[in-house]
Structures are given as structure tokens and as C-alpha cells.
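Here's the structure we're looking at; comments come further down.
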Amino acid sequence: MTVYTAIDSPLGELLLVGEESATAKGGTALASLSLPGQKGAAVVQDGWLPDPAAFEEIGRQLMSYFEGRLTHFEIEYADGGTHFQRRVWQALEEIPYGETSTYGEIAERVGTSAVGVRAVGTAIGRNPLLVVRPCHRVIGADGALRGYAGGLERKERLLGLEGALAGS
């Protein structure tokens, strides 16, 4: 069963989508977290059930993060993505709060050659869990902010919140 809710955040209304899970706190594994206007954002489908209670813990963690009190999420994610995407997404989760990594460094971490940097960027762009799986922490080799499905302004805000930008 797929459930969803929307919650307010400093980035705008977040759409959270989950799947039933016997092992997740509250019984829901997060399948998607989308931002308004996001490229490839989830859209509520027929048959999905609104269930704000299923996301109370996730919502609490998100608000603590936006308030600067939480640096690591403890959320169960629903399975998804290809084997390669899951390797890249795992590498994203290993980037510490307040730090950044480059696309090339992620490619190296997952054992992909320099030629594979584009595939890494594509996998990062397909991350269905913005904010909680920190693709916003990946920047260009020259330090420039690049490619964020939620928009570069939001990427800059998230990195600023974490103190990961020069002068923040």
C-alpha cells in the first residue's frame, strides 16, 4: 500500500510518499521526498492513501534538520533503483553533514572510471529522496554548484544551512 502526505518546510511544501514496511518505525518506509517544482517530482496517484500519521517521525526529523539540530537521518527507505543507482545513493549517504564531495569523487567511490562520471550524475539526478539522501552535497570539481533536481537556489540553501559553503 502506498501512502503520502505533504508537510511545510523552509523549502516549500514537501511531498512524502511511503510504502508499508514491517521493519520501519511507524510501519512506513520512505519511497520519495519531492520538492515543489522539482524535476521528476512524484505526483499523487489514484489508489494512494493520505496518511499524515505514517510520516510523523520522518516529519519530526526533517524539522529538526531544518532547525539545525539534526545532522543525520534515521529513516528506512523503500527499495528502488538499479544496482548502480543504489551504489551511488549509498555513497551520497556517506558524505558527512557540512561537507561536500564532487561527482568525480563519487565515481571513484563506486568504482567507476572517469568516463563514468556522467552515469554517476544521472544516478544522482534520479535520487527520489531529496534532502534526506544528501545529493545536495555533491558539487562540481571546480567547486561550482551543479545540477540539483530541486533547483540550485535550494541546493545553496541546504548547503548554507549545513555550513558547507565558504562564508556560511
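Observations, loosely collected:
- Counting only helices (runs of 4 or more DSSP H) that sit wholly inside segment 84-168, those with at least 2 residues that are farther than 21 Å from PRO10 by Cβ are 103-109, 117-125.
- Count of residues meeting criterion [surrounded by fewer than 22 Cβ atoms within 10 Å (Cβ to Cβ), touching a Leu at 6+ places or on another chain (Cβ under 8 Å) and either modelled with pLDDT of 95 or more or under 19 Å from ALA41 (Cβ atoms) (or both)] in segment 140-153: 3
- Options PHE84, PHE66; residue that is modelled with pLDDT of 95 or more, open to solvent by less than 40 Å² (accessible area, probe 1.4 Å) and out of contact with any Phe, Trp or Tyr (no Cβ under 7 Å at 6 or more places or on another chain): PHE66
- From the options GLU99, GLU76, residue that is of a type in the set (Asp, Glu) and either under 19 Å from ALA29 (Cα atoms) or in contact with a Gly (Cβ under 7 Å, 6 or more places away or on another chain) (or both): GLU76
- Entry remark, segment 1-45: residues being under 17 Å from the mean Cα position of the chain (by Cα), basic (Lys, Arg) and over 19 Å from ALA149 (Cβ atoms) number 0 in total.
- Each residue in segment 51-63 was checked for being among the small types (Gly, Ala, Ser) and open to solvent by 30 Å² or more (accessible area, probe 1.4 Å), and 1 pass.
- The single condition among (1) under 25 Å from ALA123 (Cβ atoms); (2) open to solvent by 30 Å² or more (accessible area, probe 1.4 Å); (3) not assigned by the TED database to the domain that holds GLY121 that TRP48 does not meet is (1).
- Taking residues in segment 64-83 that are of a type in the set (Val, Ile, Thr), and partners anywhere that are surrounded by fewer than 12 Cβ atoms within 10 Å (Cβ to Cβ), not one pair has Cβ atoms closer than 8 Å while being at least 6 places apart or on different chains.
- So ALA42, is it in contact (Cβ under 8 Å) with a residue 24 or more places away in the chain, open to solvent by 20 Å² or more (accessible area, probe 1.4 Å) and closer than 12 Å to ALA6 by Cα: yes
- Close pairs from segment 120-147: first within 16 Å of LEU158 (Cβ to Cβ), partner acidic (Asp, Glu) and assigned to a loop (DSSP other than H, G, I, E, B), Cβ under 9 Å, at least 6 apart: PRO134/GLU162; HIS136/GLU162; ARG137/GLU99; ARG137/GLU162
The values are calculated or read from the model by the stated rules, or taken from the named source; none is laboratory data. Keep in mind that this is a model prediction, so the values were computed, not measured. Neighbour counts are summed over all protein chains in view; Cβ atoms, including those assigned to glycine, are modelled from backbone coordinates with ideal geometry. Remember, those area values only see protein heavy atoms, side chains included, never the ligands or the DNA or RNA. Shrake-Rupley method; radii C 1.70, N 1.55, O 1.52, S 1.80 Å.
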